[in-house]
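One structure is given below, encoded as structure tokens.
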Amino acid sequence: MSTKPKIGFFDSGVGGISVMTHARDRLPGAEYLYYADTDNVPYGTKSREQIIGYSCRAAEYLMDAGADAIVVACNTATSMAIEHLRKTYPIPFIGMEPAVKPAIQYYPHDNILVCATPVTIAGERLHNLIHHWADDEVQLSLIPTPGLVTLAENAQFDTETVCAYLDTVIDSSKKYAAVVLGCTHFGYFRDSFRAFLGDVHIIDGTAGTVNRLLHVLDGIGRLPKNLVPGKVTYIRSGRLVEDDESLAFFRLLEQRSRML
Ligand code: DGL
């Protein structure tokens, strides 16, 4: 067994890079494998069967490449496939869910906006989570915002374009205390959410997921033993990424994740 733990991440596309970047900052001494299923993005409008199929392919690739644990850096895949993955494969899977629990705890009597993909918004997992944490007082607006996935995949981050899209789906006359970003692609648009909604608390599940990853690695004896940075490998739907254009785009997203 190599000394450095190998951590696999997958998402339908580039959204999970924000989660992996946070993990690399906390655990530099691991090796990272990032699988972007860009042949099949978006997941957020697909069927459960399709999403389970894509997730299994990604998980098998990452396990064949030696992953000790896999972060499902995608709320949509977590919603549809995490139980299947955990039942089917022998390594730990860390999932991501919209961070409605902290949002409700901070703002039990204010309006909270939850943005996610159509599949996550309609999914039983999110409704069970809300049912578990919310009482009748809680004011949640659940809004599917799939257009943000396309904007991120196309590297369109300018505030004007993003706000014009948000204006077609969100009622900005309503005052929200918090917005829960329930899709990993949405973290790249924090600046636009602020520009569009004004003074709003932006909450996402990234830090919680990375905390959970640390705990899981510790549990299987695979926490990194030093801080010497491990290598990062990018894969697109089963193909190793080596072209400069893709690598430059992925690096830009790493920077954007740290900036916003
Ligand atoms: N980034 C994903 C999520 O967190 C999915 C986006 C999509 O492919 O629709 O839900």
Pairwise FRET efficiency - residue 25 versus residue 132, Cβ, R0 = 30 Å, nearest 0.05 = 0.45
Give the cross-link partners of residue 174 among the lysines, using a straight C-alpha distance below 16 Å as the criterion and excluding same-chain residues fewer than 8 apart.
-> none
Accessible heavy-atom area order of 32, 107, highest first, probe of 1.4 Å | 107, 32
Using the alpha-carbon atoms, what tilt in degrees (0 to 90, nearest 10) does helix 206-219 show relative to the longest principal axis of the chain?
-> 30 degrees
Which whole-number percentage describes the relative contact order of segment 1-83, with Cα contacts under 8 Å and a sequence gap of 6 or more?
-> 44 percent
So which aspartates and glutamates pass the test for residue 4, namely a Cα distance under 12 Å, with those fewer than 8 places away in the same chain ruled out?
-> 31, 68
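Hey, any idea what % of segment 27-164's accessible area is carbon plus sulfur with a 1.4 Å probe?
Accessible surface attributable to carbon and sulfur in segment 27-164 totals 49 percent.
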For segment 1-139, the dipole about the Cα centre with charges only on Cβ (Lys and Arg +1, Asp and Glu -1), to the nearest 20 debye, works out at 380 debye
Relative contact order for the chain, counting Cα pairs under 8 Å that sit 6 or more residues apart, in percent = 29 percent
Relative to the first principal axis of the alpha-carbon coordinates of the chain, what is the inclination of helix 159-169, with its axis defined by its Cα atoms, in degrees from 0 to 90 and to the nearest 10?
-> 60 degrees
Mind checking which of 173, 148, 159 is farthest towards the positive end of segment 135-175's charge dipole, using Cβ charges of +1 (Lys, Arg) and -1 (Asp, Glu) about the Cα centre?
-> 159
Where does the chain land on the Kirkwood hydrodynamic radius, alpha-carbon pairs, in angstrom?
-> 18.5 Å
How many percent of DSSP beta bridges within the chain run antiparallel, rounded to 5?
-> 5 percent
Leaving out same-chain residues fewer than 8 places away, which lysines sit with a Cα under 22 Å from that of residue 175?
-> 101
Taking the alpha-carbon centroid of each part, what is the distance from segment 44-58 to segment 70-103 in angstrom?
-> 13 Å
Could you state the angle between the C-alpha long axis of helix 17-26 and the longest principal axis of the C-alpha atoms of the chain, as a value from 0 to 90 degrees rounded to the nearest 10?
-> 60 degrees
When only Cα pairs under 8 Å and 6 or more residues apart are kept, what is the percent relative contact order across segment 17-168?
-> 19 percent
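Can you give the calculated 222 nm mean residue ellipticity of the chain, where each DSSP H run of n ≥ 4 adds -39,500 (n - 2.57) and the sum is split over every residue, rounded to the nearest 500 deg cm²/dmol? Walk me through the intermediate numbers first.
Values: 11 runs with 119 residues, N = 260.
Calculated at 222 nm, the ellipticity per residue is -14000 deg cm²/dmol.
The values are calculated or read from the model by the stated rules, or taken from the named source; none is laboratory data. In this text, all values refer to a predicted model and were calculated from it rather than measured experimentally. Please note: Cβ atoms are built from the backbone with ideal geometry, for glycine as well, and neighbour counts cover all protein chains shown. For accessibility, only protein heavy atoms count, side chains too; no ligands or nucleic acids. Shrake-Rupley method; radii C 1.70, N 1.55, O 1.52, S 1.80 Å.
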